[in-house]
Ligand SMILES: [Zn+2]
């Protein structure tokens, strides 16, 4: 994965957005915030990737909840989310 420098938002900014991205996916964001978060996702590739991943994760979890939830899969998803969060906070 290429590491870009320059006009990328700061990690701190993206870490803040990640929380709101999760809430956007959960439909817990107010309309005004949705616009801000979507605008950021549009211009920030790492956040777009996280948004896509979170949506995928949610879809997997939703699917595994309706069936017999494979705990192995849920653990893997949880680890994946933690890794992303660590990567963001470490920069
Ligand atoms: Zn971002």
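Values for this structure:
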{"read-out": "Residues that are over 12 Å from residue 51 (Cβ atoms), in a helix (DSSP H, G or I) and touching a helix residue (DSSP H, G or I) at 6+ places or on another chain (Cβ under 7 Å), drawn from the stretch 14-33", "value": "15, 33"}
{"read-out": "Condition met for residue 74 (surrounded by 11 or more Cβ atoms within 10 Å (Cβ to Cβ), away from the ligand (no atom under 16 Å from the Cβ), at pLDDT below 80 and closer than 20 Å to residue 26 by Cα)", "value": "yes"}
{"read-out": "Of the criteria (1) surrounded by 14 or more Cβ atoms within 10 Å (Cβ to Cβ); (2) over 12 Å from the mean Cα position of the chain (by Cα); (3) modelled with pLDDT under 90, which one residue 40 fails", "value": "(3)"}
{"read-out": "In the stretch 13-45, the residues that are closer than 24 Å to residue 60 by Cβ and near the ligand (Cβ under 10 Å from one of its atoms)", "value": "14, 15, 17, 18, 21, 37, 41, 44, 45"}
{"read-out": "Inter-residue pairs, beta-carbon under 8 Å, first surrounded by 11 or more Cβ atoms within 10 Å (Cβ to Cβ) and in the stretch 12-30, second modelled with pLDDT of 90 or more and not in a helix (DSSP H, G or I), 6+ apart", "value": "14/44; 17/44; 20/29; 23/29"}
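The values are calculated or read from the model by the stated rules, or taken from the named source; none is laboratory data. Since this is a predicted model, take the numbers as computed values, not measurements. Virtual Cβ from ideal backbone geometry, glycine too; neighbours counted across all protein chains shown.
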